[in-house]
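The values are calculated or read from the model by the stated rules, or taken from the named source; none is laboratory data. No experiment lies behind these values; they were computed from the predicted model shown. Backbone-built Cβ (ideal geometry, glycine too); neighbour counts: all protein chains shown.
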Amino acid sequence: MPATHEVFNQAPPLGDYSAAEDPALLEGLRREGAGWSEAEVRAVGDAAGSERVRAWGEAANTYTPVLRTHDRYGHRVDEVDYQPAYHVLMEQAVAHGLHAAPWADGREGAHVARAAKFFLWSQPESGHGCPVSMTYAAVPALRHSPALAARYEPLLTSRTYDFGLRPPLSKRGLIAGMSMTEKQGGSDVRANTTRAVPTAEGHHLLTGHKWFTSAPMGDLFLTLAQAPEGLSCFLVPRVLEDGSRNALRLQRLKDKLGNRSNASAELEYDGAVAHLVGEPGRGVPTIIEMVNSTRLDCVIGSAAGMRAALVHALHHAEHRGVFGAPLVEQPLMRNVLADLALESEAATALMTRLAGAVDRSVRGDAAETAFRRLGVAVGKFWVAKRHPAHAAEALECLGGNGYVEESGMPRLFRDSPLNSVWEGSGNVAALDVLRAMGRAPEAVEALTAELRSASGADARYDAALKEVESALGDPDEAEYRARSVVELLALTLQASLLLRHAPTAVAEAFTASRLDGRWGHVFGTLPRGVDTGAILERARPRR
């Protein structure tokens with residue numbers, strides 16, 4: 001080989017590592033009552049950090065889903081073909097209980113254990129997490145109709161992935177989806193025009209067009225339509241119990257920026273059989289149960305993306321030399337990497353806290369139910385908003401190498417904006433926080449009690465807490481300032497968690513950089529005196 005082509009000073013392949021060797025995750029798992037699941041969490045983490053699973057993720061995103069409207073004979077079939085690796089990822093996700101399994105598990109911390117595994121399994125490939133998340137979220141909404149829940153919940157919580165269009169009750173496991181958005185309304189679902197006509201048989205027939213339906217090869221879909229009583233929630237099976245296809249037509253698949261392993265379709269209901277879920281005319285309060293759960297998964301998924309990007313950036317910096325020293329030893333790069341690690345740890349701490357609130361809320365804890373109402377909305381707004389900036393900065397740590405597909409960073413970057421638009425964009429999430437503050441004073445009390453539990457630990461934090469209390473008490477310009485108020489709530493909540501539970505180096509660096517107005521919002525602006533070494537040692541991936 002010519003000497004001009006000698007390869008040196010390139011980082012080796014990432015290889016296999018244990019994604020579960022993440023102190024912030026494991027500490028949160030134990031703290032939130034799911035320490036009993038650590039062995040299974042570690043098993044998922046070992047697989048998630050392997051080259052094998054990363055290869056599955058790459059294949060599923062390279063060979064993207066293909067719509068088949070008709071079979072070779074001309075029959076309408078409306079099917080989507082996926083790359084086989086997608087099904088392997090789904091099979092493993094369901095087998096490990098990342099979908100609806102916690103609803104059938106009475107153990108304390110079941111939802112926290114599920115969140116930890118979802119966090120780990122989303123790192124090598126996030127697209128298939130969409131149907132996994134929707135299946136998890138469908139159960140609490142479906143429980144508004146006990147008869148439907150009794151019929152379908154055992155199959156939604158089953159740990160068997162049984163792909164294919166067949167009558168739901170003939171299958172060993174089911175995947176659920178959600179079909180709400182229409183092109184004229186977007187987040188304003190009350191503008192939906194899909195009509196639901198009751199029949200003598202006791203069901204409804206739906207006619208209308210849905211602009212986004214994710215994972216259209218699922219078995220059941222929760223959807224909204226205008227019934228005679230008003231906007232109502234319905235369960236729509238893809239296949240009827242007699243084996244015939246329901247009248248759902250896939251018009252086209254969306255050509256998306258990211259999330260490419262997962263099909264998203266425009267869906268036409270043409271007199272589709274549907275079953276009422278909850279009270280007629282109460283569609284939004286019914287389906288909001290599903291939305292609240294998928295919003296939690298937006299936080300988890302964004303935290304997972306941050307962790308994956310940080311691992312790649314740290315690996316590169318540890319093996320790349322520049323100006324006579326490893327890149328990770330260069331002061332400015334250490335500042336950037338430590339800052340990325342802080343953002344990742346804060347997102348992970350918030351994710352586990354919110355999962356703990358869900359778990360305790362499900363078991364009847366009223367205070368945690370109130371905290372969850374505001375905490376999930378605040379977390380969804382902020383963590384999803386920070387994810388794209390984090391992904392871009394991590395990509396930049398690899399320089400030109402990070403801009404090349406083979407590095408894996410472009411896919412992480414393309415996937416990063418999804419959670420900020422899924423289940424309500426930033427404005428929707430921020431305004432939802434304001435509505436909750438106005439309608440649920442107990443939620444405000446629960447959140448402020450959480451924040452006050454860290455008072456006295458840090459002067460910057462105490463000053464931010466006073467600003468939070470002032471903002472909560474001044475509704476005059478609340479809507480105009482909604483984003484800044486929710487950002488402050490999120491940063492203070494993250495700081496509260498880190499001050500109480502993280503090492504001193506991490507907590508102090510976070511408050512110094514996030515709660516002190518002298519510092520900028522770009523990564524790499526940690527003030528002098530921060531122990532970057534301690535932060536990076538805690539964050540680096542381990543074999």
Handout entry: Hits in the stretch 15-26 - residues which are out of contact with any Leu (no Cβ under 7 Å at 6 or more places or on another chain) and crowded, with 17+ Cβ neighbours inside 10 Å
Key = Tyr17, Ser18, Asp22, Ala24, Leu25, Leu26
Handout entry: Any hit, the stretch 292-312, residues being over 26 Å from Glu58 (Cα atoms), assigned by TED's automatic domain parsing to the domain that holds Tyr403 and not hydrophobic (A, V, I, L, M, F, W, C)
Key = yes
Practice task
Please work out if Val444 is modelled with pLDDT under 90, closer than 13 Å to Leu374 by Cα and of a type in the set (Val, Ile, Thr).
Solution key: no
Handout entry: Identity of the residue in the stretch 226-235, in contact with a Gly (Cβ under 9 Å, 6 or more places away or on another chain) and part of a strand (DSSP E or B), that ends up surrounded by the most Cβ atoms within 10 Å (Cβ to Cβ)
Key = Cys233
Practice task
Examine the stretch 264-274 for a residue that is touching a helix residue (DSSP H, G or I) at 6+ places or on another chain (Cβ under 9 Å), charged (D, E, K, R) and modelled with pLDDT of 95 or more, and state whether such a residue exists.
Solution key: no
Completion exercise
Within the stretch 146-171, of all residues that are within 26 Å of the chain's Cα centre (by Cα) and assigned to a loop (DSSP other than H, G, I, E, B), the one nearest to Leu240 (Cα to Cα) is Gly164
Exercise for the section: Report yes if Ser187 is out of contact with any Lys or Arg (no Cβ under 8 Å at 6 or more places or on another chain) and modelled with pLDDT under 95, otherwise no. Expected result: yes
Exercise for the section: Of all residues in the stretch 16-63, count the ones that are under 26 Å from Tyr82 (Cβ atoms) and of a type in the set (A, V, I, L, M). Expected result: 9
Handout entry: Filtered residue count, the stretch 191-205, keeping only those that are part of a loop (DSSP other than H, G, I, E, B), surrounded by 14 or more Cβ atoms within 10 Å (Cβ to Cβ) and more than 31 Å from the chain's Cα centre (by Cα)
Key = 1
Problem - Flag for Arg307 being buried (at least 24 other Cβ atoms within 10 Å of the Cβ), of a type in the set (Lys, Arg) and modelled with pLDDT of 95 or more - result: yes
Problem - Index of the failed condition, Glu479 passing every other in (1) part of a loop (DSSP other than H, G, I, E, B); (2) surrounded by 15 or more Cβ atoms within 10 Å (Cβ to Cβ) - result: (2)
Problem - Candidate set: the stretch 343-359, residues that are over 15 Å from the mean Cα position of the chain (by Cα) and in contact (Cβ under 8 Å) with a residue 40 or more places away in the chain; chosen: the one farthest from His387 (Cα to Cα) - result: Asp359
Fill in the blank from the handout: Flagged in the stretch 393-402 as in a helix (DSSP H, G or I) and not small (Gly, Ala, Ser), in numbering order, are Glu393, Leu395, Glu396, Cys397, Asn401
Exercise for the section: For the stretch 34-53, state whether one or more residues are at positive phi, assigned by TED's automatic domain parsing to the domain that holds Ser214 and in contact with a strand residue (DSSP E or B) (Cβ under 8 Å, 6 or more places away or on another chain). Expected result: no
Practice task
Answer yes if at least one residue in the stretch 121-144 is free of Cβ contacts under 8 Å to residues at least 60 places away in the same chain, buried (at least 19 other Cβ atoms within 10 Å of the Cβ), part of a loop (DSSP other than H, G, I, E, B) and of a type outside the set (A, V, I, L, M, F, W, C), and no otherwise.
Solution key: no
Problem - Qualifying residues in the stretch 403-452 (those that are part of a helix (DSSP H, G or I) and of a type in the set (Ser, Thr, Tyr)) - the one surrounded by the most Cβ atoms within 10 Å (Cβ to Cβ) - result: Ser420
Practice task
Return yes when Arg252 is at pLDDT 95 or above, of a type in the set (Lys, Arg) and exposed (fewer than 15 other Cβ atoms within 10 Å of the Cβ) and no when it is not.
Solution key: yes
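Results for (1) among the β-branched types (Val, Ile, Thr); (2) more than 15 Å from the chain's Cα centre (by Cα); (3) buried (at least 21 other Cβ atoms within 10 Å of the Cβ); (4) not assigned by TED's automatic domain parsing to the domain that holds Val328, shown as yes or no for each residue.
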residue: Asp365; (1), (2), (3), (4): no, yes, no, no
residue: Phe371; (1), (2), (3), (4): no, yes, yes, no
residue: Val376; (1), (2), (3), (4): yes, no, yes, no
residue: Phe381; (1), (2), (3), (4): no, no, yes, no
residue: His387; (1), (2), (3), (4): no, no, yes, no
residue: His390; (1), (2), (3), (4): no, yes, yes, no
residue: Gly400; (1), (2), (3), (4): no, yes, no, no
Fill in the blank from the handout: In the set Ala95, Ala100, Ala48, the lone residue that is surrounded by 21 or more Cβ atoms within 10 Å (Cβ to Cβ), under 21 Å from Asp162 (Cα atoms) and among the small types (Gly, Ala, Ser) is Ala100
Practice task
Could you please find all residues in the stretch 357-392 being of a type in the set (Gly, Ala, Ser), under 20 Å from Ala436 (Cα atoms) and part of a helix (DSSP H, G or I)?
Solution key: Ala357, Ser361, Ala366, Ala367, Ala370, Gly375, Ala377, Gly379, Ala384
Fill in the blank from the handout: Considering residues that are farther than 20 Å from Thr160 by Cα, in contact (Cβ under 8 Å) with a residue 40 or more places away in the chain and of a type outside the set (Gly, Ala, Ser), the number found within the stretch 51-65 is 5
Completion exercise
Only one of Gly208, Gly218 is touching a residue at least 60 places away in the same chain (Cβ under 8 Å), part of a loop (DSSP other than H, G, I, E, B) and either outside the structural domain of Val421 (by TED's automatic domain parsing) or under 24 Å from the mean Cα position of the chain (by Cα) (or both), namely Gly218
Exercise for the section: Determine whether Leu332 is over 24 Å from Val132 (Cβ atoms), assigned to a helix (DSSP H, G or I), out of contact with any helix residue (DSSP H, G or I) (no Cβ under 8 Å at 6 or more places or on another chain) and in contact (Cβ under 8 Å) with a residue 12 or more places away in the chain. Expected result: yes
